[in-house]
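The values are calculated or read from the model by the stated rules, or taken from the named source; none is laboratory data. Note that the structure is a prediction, hence the values are computed from the model and not measured. A quick note on method: Cβ atoms are made from the backbone with ideal geometry, for glycine too, and the neighbour counts reach across all protein chains shown. What goes into the accessible areas is simple: the full protein's heavy atoms, side chains included, and nothing from ligands, DNA or RNA. Shrake-Rupley method; radii C 1.70, N 1.55, O 1.52, S 1.80 Å.
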Amino acid sequence: MAGSQPPLEDEESPLPLEDAELALAGINMLLNNGFRESDQLFRKYRNHSPLMSFGASFVSFLNAMMTFEEEKMQLACDDLKATEKLCESEEAGVIETIKNKIKRNADGRKSAPSMMDRLQRQIIVADCQVYLAVLSFVKQELSAYIKGGWILRKAWKIYNKCYMDINTLQEVYQKKITQESLTSDAANDNHIAAEGVTEDSLNRLKGAVSFGYGLFHLCISMVPPNLLKIINLLGFPGDRLQGLSSLMYASESKDMKAPLATLALLWYHTVVRPFFALDGSDNKAGLKEAKEILLKKEAAYPNSSLFMFFKGRIQRLECQINSALTSFHTALELAIDQREIQHVCLYEIGWCSMIEMNFKDAFESFQRLKNESRWSQCYYAYLTAACHEVDDSSSVGLKNLLLGAIHKCLGNSEDAVQFFQRAVKDGLCRQNNLYIQPYACYELGCLLLDNPETVPRGKILLLQAKEEFNGYDFENRLHVRIHAALASLREVVPQ
């Protein structure tokens, strides 16, 4: 991606397309690995409209999040704040004014377009605040967390208000069209179009707000129970179905964030659901939805490393390891200028190679990660611990946990149970790697839940993993998984 060059200003050249169409084209360009071209397009036209300014700021934000370089993170903050300042406008009375203009046709030709523009600006402000909050969280300081939480609360209020307002506008517009269709002539229809409030413009705005609105609902719905009460007190909701529905709407819209909504859905179905075990031990849940999304969208992104990565995720979850490796290697080659995407591909290649017991290729992938990525030291450690030659007593528990996971992926349940049992009984884990025993208890418990005769023992192990261990790495993640497993058990066997 482009670095921190000064923005290109081209005040004389008009936009080659409507700003909404040009912004969508810029994001599509980015997803087809045209990071530099997308950055140049948005920077060239960033002063032409709030939407193009936001596009430039979004690319700047993405660049910062993929590099974590201090200079680029500061540049992204400055860009987002500049876009936010550009979009500042009065919020009071917007919805009432638009409704009145549509109903009464009271000078709507002059006022309605500006009202639609103000709604667009409010959505952009909320988007900017979300990304500013993320950049604040990255600092990992208490004051940054407090500031970021406050910013998110403000963003949610804007999303919620705009979402409700646009829904109301769509209803009012449809009623107006219905009434006019009964008594109308062509002049009436043309008059409404002249007001600037059209079905297409409302649908695009609904798509624009649905991306942030849906992500809020979806992400908060996955918060661990012990934190959920606090978050609810701050006014954040968490309806997973509402989140997915909103993201689907955004994905099908003509807004610039439609491709991002598509990626969010693929991420949820292929990474989040199995990662947090939201469907219990069913790692294939969500694959039907993910394959439908890919089938519908991948033709538009023939060169997208991200879409190829998600294709590999689907294949891995379907235990098509050879096909998954091919897809991950292809994604790795496509992500020439996208270092962090290359890293997640290398991570997947390493683990798929481990599943095939191809430790040489796995070693090479993790070795490259170790050399290139600041957050990959743990992957390299996992690989060395998983090798059969490991006999260091302090690493045996980790070795058994990983071998259990590999056999579980291969469908060798009996072998997986034996390795997990060994990991659970390894007393040295409490001194060296605190997370091994709770994770082994969880994995063993989930396997036992699959057999009706061992369900009681499986439930005991899940509760043991939840209640007997604390203070280990990824504790909240495991608690989410345990919560989901126990919830699914209650649905099958009413208490």
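Brief remarks follow.
- Residues in the stretch 234-256 that are of a type in the set (A, V, I, L, M, F, W, C) and modelled with pLDDT under 75: 234, 236.
- One residue stands out among those in the stretch 250-260 that are buried (at least 20 other Cβ atoms within 10 Å of the Cβ) and not aliphatic (A, V, I, L, M): the one that is nearest to residue 54 (Cα to Cα), which is 257.
- Residues being over 19 Å from residue 411 (Cα atoms), in a loop (DSSP other than H, G, I, E, B) and open to solvent by 10 Å² or more (accessible area, probe 1.4 Å) - total across the stretch 294-325: 3
- Every pair of residues 6+ apart whose Cβ atoms lie under 6 Å, when the first sits in the stretch 130-154 and is closer than 16 Å to residue 81 by Cα while the second is at pLDDT below 85 and open to solvent by 90 Å² or more (accessible area, probe 1.4 Å): 136/147
- Positions within the stretch 26-44 being open to solvent by less than 40 Å² (accessible area, probe 1.4 Å), in a helix (DSSP H, G or I) and not acidic (Asp, Glu), in sequence order: 26, 27, 30, 31, 35, 38, 41, 42, 43
- Screening residue 283 against (1) buried (at least 16 other Cβ atoms within 10 Å of the Cβ); (2) at pLDDT 85 or above; (3) closer than 30 Å to residue 410 by Cα leaves a single unmet condition, (2).
- When restricted to residues that are in a helix (DSSP H, G or I) and either hydroxyl-bearing (Ser, Thr, Tyr) or touching a strand residue (DSSP E or B) at 6+ places or on another chain (Cβ under 7 Å) (or both), the stretch 266-293 contains 2.
- Against the test of being open to solvent by less than 30 Å² (accessible area, probe 1.4 Å) and either in contact (Cβ under 8 Å) with a residue 12 or more places away in the chain or closer than 28 Å to residue 39 by Cα (or both), the options 328, 276 yield a single qualifying residue, 328.
To keep it simple, each residue is scored yes or no on (1) under 30 Å from residue 74 (Cα atoms); (2) surrounded by fewer than 16 Cβ atoms within 10 Å (Cβ to Cβ); (3) among the hydroxyl-bearing types (Ser, Thr, Tyr); (4) modelled with pLDDT under 90.
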| site | (1), (2), (3), (4) |
| --- | --- |
| 165 | no, no, no, no |
| 182 | no, yes, no, yes |
| 187 | no, yes, no, yes |
| 191 | no, yes, no, yes |
| 197 | no, no, no, yes |
| 204 | no, no, no, no |
| 211 | yes, no, no, no |
| 232 | no, yes, no, yes |
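- Remark: pairs (first residue in the stretch 33-55, on the phi > 0 side of the Ramachandran plot; second residue of a type outside the set (D, E, K, R) and open to solvent by less than 30 Å² (accessible area, probe 1.4 Å); Cβ separation under 8 Å; 6+ apart in sequence or on different chains) = 33/304; 33/305; 33/335; 33/338.
- Screening the stretch 386-495 for helices (runs of 4 or more DSSP H) wholly inside it with 2 or more residues that are open to solvent by 20 Å² or more (accessible area, probe 1.4 Å) and modelled with pLDDT under 80 returns the ranges 475-492.
- The stretch 45-82 - residue that is of a type in the set (D, E, K, R) and assigned to a helix (DSSP H, G or I) and, of those, surrounded by the most Cβ atoms within 10 Å (Cβ to Cβ): 79
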